[in-house]
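Enquirer: Pasting a structure here, questions to come.
The values are calculated or read from the model by the stated rules, or taken from the named source; none is laboratory data. The model shown is predicted, which means the values in this text are computed figures rather than measured ones. Cβ: placed from backbone, ideal geometry, glycine included. Neighbour counts: every protein chain shown. The area values use the complete protein model at the heavy-atom level, side chains included, leaving out ligands, DNA and RNA. Shrake-Rupley method; radii C 1.70, N 1.55, O 1.52, S 1.80 Å.
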Amino acid sequence: MARLSLIAIALMGLGETALAALQSCGNAQYDPSQYVCWYNQFLCPVVAGEGLSYCSGACYSTFMYTCSNNVLTLLPAMDSSTPFTLTASNPNLPAVDGKPITASGQHWSIGGVTGSYCPTQVGSACPKGDITAIVSSGGSAAMDVEVPGGQLVYLDPFWNVGYTQAHSASIPSGSITTGFGAYQGGGFVNLNGNGWGWVACPPTAAGGGGGVWNLVAKNSTNAASLSGCTALNLKINPLPQGTIGAWQYT
Ligand SMILES: *[C@@H]1O[C@H](CO)[C@@H](O)[C@H](O)[C@H]1NC(C)=O
């Protein structure tokens with residue numbers, strides 16, 4: 001079902017026309033900023049800056065799938081023993097492409113500075129706390145921290161990504177703590193709301209500016225209000241097993 005949803009978003013993105021020179025794919029003409037041509041025969045759309053790959057009649061994102069013996073196959077899920085960092089990916093949006101996802105103020109941003117804390121009594125055992133590391137398994141995700149109780153990741157009522165404060169299980173009412181797909185060799189995918197994916201929203205004066213973009217999960221009801229935002233993928237960068245990102249993220 002997730003596969004069909006991804007294809008559905010792919011097809012919805014076709015409206016924009018650019019004045020790029022058309023190219024040929026077999027008998028069809030296509031705009032290379034909007035599509036990629038496979039085997040001079042099949043067109044797949046460019047979604048979130050990724051020219052989708054082709055597998056036996058389906059176009060797919062390599063952030064979630066692979067084509068194995070001509071069968072579209074989900075990438076294996078990450079398990080909780082392998083923490084990872086995330087980087088924003090959309091080659092058509094240089095302002096965020098390659099930037100880290102950063103945790104600060106109980107909120108994930110794109111290209112910000114990681115906020116972390118370690119009590120002085122932990123001393124030299126304190127993790128550096130300068131990267132934003134995450135663990136994910138079974139559809140949920142948590143910050144990769146040492147603090148007892150951990151820090152759970154959730155979609156807040158505005159579908160921004162938040163995480164619990166250390167020593168607290170409190171989550172804003174209406175938040176969602178499941179529906180996150182984390183794929184080995186792929187990405188961190190929001191599977192809530194039928195696969196509308198993530199968007200990057202430009203810095204606003206109200207948000208303090210500073211070049212930090214906001215990460216929002218899109219869905220059928222908030223899509224219109226997010227029209228100023230741009231689709232992106234979140235690429236998983238695995239860390240060595242046992243790596244702890246921070247004592248706690250602030
Ligand atoms: C979509 O996200 C908005 C927040 O931006 C939320 O209020 C709404 O309930 C979500 N819609 C669906 C269908 O989940």
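Enquirer: Condition test on S168, is it more than 14 Å from the chain's Cα centre (by Cα) and over 25 Å from N219 (Cβ atoms)? Walk me through it before giving the result.
Expert: Numbers: more than 14 Å from the chain's Cα centre (by Cα): yes; over 25 Å from N219 (Cβ atoms): yes.
In short, yes.
Enquirer: Another one. Condition test on S175, is it farther than 26 Å from G49 by Cα, in contact (Cβ under 8 Å) with a residue 40 or more places away in the chain and among the small types (G, A, S)?
Expert: Working: farther than 26 Å from G49 by Cα: yes; in contact (Cβ under 8 Å) with a residue 40 or more places away in the chain: no; among the small types (G, A, S): yes.
No; evaluated as a whole, the condition is false for this residue.
Enquirer: Pick from F180, F158: which is within 12 Å of the ligand (Cβ to nearest atom) and within 19 Å of the chain's Cα centre (by Cα)?
Expert: On the way: F180 fails: within 12 Å of the ligand (Cβ to nearest atom).
Just one listed residue meets the conditions, F158.
Enquirer: Identify, please: which residue in the stretch 139-155 is open to solvent by 20 Å² or more (accessible area, probe 1.4 Å) and part of a strand (DSSP E or B) and is, among those, nearest to the ligand (Cβ to nearest atom)?
Expert: The residue in question is S140.
Enquirer: Testing P238 on (1) open to solvent by 60 Å² or more (accessible area, probe 1.4 Å); (2) within 14 Å of the ligand (Cβ to nearest atom), one condition comes back false. Which one is that?
Expert: Failing condition for P238: (2).
Enquirer: Do the conditions hold for G179, that is, is it closer than 19 Å to T82 by Cβ and of a type outside the set (S, T, N, Q)?
Expert: Values: closer than 19 Å to T82 by Cβ: no; of a type outside the set (S, T, N, Q): yes.
Criteria not met by G179.
Enquirer: Condition (residue is in a loop (DSSP other than H, G, I, E, B), modelled with pLDDT of 95 or more, under 12 Å from the mean Cα position of the chain (by Cα) and not acidic (D, E)) applied to the stretch 103-116: is it met by at least one residue?
Expert: no
Enquirer: Residues to consider are A217, A200, A169; find the one that is surrounded by 17 or more Cβ atoms within 10 Å (Cβ to Cβ), assigned by TED's automatic domain parsing to the domain that holds V122 and more than 12 Å from the ligand (Cβ to nearest atom).
Expert: Numbers: A217 fails: more than 12 Å from the ligand (Cβ to nearest atom); A169 fails: surrounded by 17 or more Cβ atoms within 10 Å (Cβ to Cβ).
Matching residue, one of A217, A200, A169: A200.
Enquirer: So, one more: State whether the residues of the stretch 117-133 include one that is part of a strand (DSSP E or B) and either buried (at least 19 other Cβ atoms within 10 Å of the Cβ) or of a type in the set (V, I, T) (or both). Working first, answer last.
Expert: To start, the set of residues in the stretch 117-133 that are part of a strand (DSSP E or B) comprises 117.
Subsequent filtering for residues that are either buried (at least 19 other Cβ atoms within 10 Å of the Cβ) or of a type in the set (V, I, T) (or both) retains none.
No; the residues of the stretch 117-133 include none that is part of a strand (DSSP E or B) and either buried (at least 19 other Cβ atoms within 10 Å of the Cβ) or of a type in the set (V, I, T) (or both).
Enquirer: Let me ask something else about it. Take the stretch 46-102 and flag every residue that is within 22 Å of G129 (Cα to Cα), assigned to a strand (DSSP E or B) and open to solvent by 20 Å² or more (accessible area, probe 1.4 Å).
Expert: T85, T87, P100
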